[in-house]
Ligand SMILES: *Cc1c(COP(=O)(O)O)cnc(C)c1O
């Protein structure tokens, strides 16, 4: 076991040891508790404050009607009417023909690429800053993987041109809102490239759904094509758990047949499916409030953003930990994000704005960061 201890010590020395030592003692929300300490939360993906602040009576109805466990995979006896109802609604908000639920976004990304790549000589093109679940999905796809520079559609075009005649199938995959920087992928250019090269385009809307709109495509006034797959998650702005792929009817049918991450797993809880439908009714009103807060924070931080993610990049891991601890003492919960989650030398605080923050709360966080920086931080 010595070698395991040594490995852990090395992580600790590099300020990269991750620990589960600060569990919340309250439910998720804008005000949370760590032990007895109340903190203002600026780091959840619960952008619309729905994780614990949902209509309780309706939730209870869901619970009584459907129970919690699904009891089997979708293709056996774990397929419920409420799954189909939610899938129709999700297809509608993404403006696609159909949608398919997965137990998590990680599995949705794996499943989508499994379905698109099954026994094909394929190439997948992935943005350098894509989410780890996309990176793993690329590896599992057994396609040849090409990484292009962040949001660099010119570089992508070159790669596509070289690959065009060598592969049966080309797949472009990208976050729409990048999870650690909060910027947007050039979706209009990517969609154009997908059409020019007959490539499939897989969009990860985890941080876009319910934040920049119902769909990142709406921001660019784009319509999904038969070669587009939009992945969305339920565990972020929608406040529950799970994920989905939205696409053409045929591509969804292919996923039902080829996505092992869909076939060989217990179906999403029907209670969660039902509650997600209830939560969706609250989205328009809360999204409006969130957008006002994002606008306010954009001005304050001088950082143009449509998403709710505001990175404060400080460089070295120990500096990020210092700032995080400083803010903790001041009553704010903003953990440091360090490599390998972000590239070497870009350790940061990843602030996320919530629909239920007040302008004053956002301002007070900004002031606290300002004082840290004045005190030599
Ligand atoms: C959170 C996230 C996922 C994974 O979704 P889960 O439902 O948490 O597994 C995938 N992609 C991106 C960009 C994410 O931020």
Output for the range 91-148, where each listed residue is closer than 24 Å to residue 240 by Cβ and free of Cβ contacts under 8 Å to residues at least 12 places away in the same chain: 92
I want to confirm something. Restricting to the range 188-213 and keeping residues that are assigned to a loop (DSSP other than H, G, I, E, B) and buried (at least 22 other Cβ atoms within 10 Å of the Cβ), which single residue is farthest from the chain's Cα centre (by Cα)? 199
The range 354-368, residues that are free of Cβ contacts under 8 Å to residues at least 24 places away in the same chain and not in a helix (DSSP H, G or I): 358
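Would it be correct to say that residue 157 is assigned to a helix (DSSP H, G or I) and away from the ligand (no atom under 16 Å from the Cβ)? I'd like the intermediate steps shown before the answer.
Numbers: assigned to a helix (DSSP H, G or I): yes; away from the ligand (no atom under 16 Å from the Cβ): yes.
Yes, satisfied.
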With the requirement that a residue be assigned to a loop (DSSP other than H, G, I, E, B) and more than 16 Å from the ligand (Cβ to nearest atom), what does the range 216-250 give you? 220, 221, 222, 223, 224, 225, 226, 227, 248
Considering only the range 268-305, how many residues are surrounded by fewer than 19 Cβ atoms within 10 Å (Cβ to Cβ) and outside any helix (DSSP H, G or I)? 4
Output for the range 31-42, where each listed residue is within 22 Å of residue 286 (Cα to Cα) and surrounded by fewer than 18 Cβ atoms within 10 Å (Cβ to Cβ): 31
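Which residues, counting only those in the range 194-215, are under 30 Å from residue 121 (Cα atoms) and either in contact with a helix residue (DSSP H, G or I) (Cβ under 6 Å, 6 or more places away or on another chain) or within 16 Å of the ligand (Cβ to nearest atom) (or both)?
197, 200, 201, 202, 203, 204, 205, 206
Bear in mind that the values in this text are calculations on the coordinates, not laboratory data. Keep in mind it's a predicted model, so treat the numbers as computed, not measured. We place every Cβ from the backbone using ideal geometry, glycine too, and count neighbours over all the protein chains shown.
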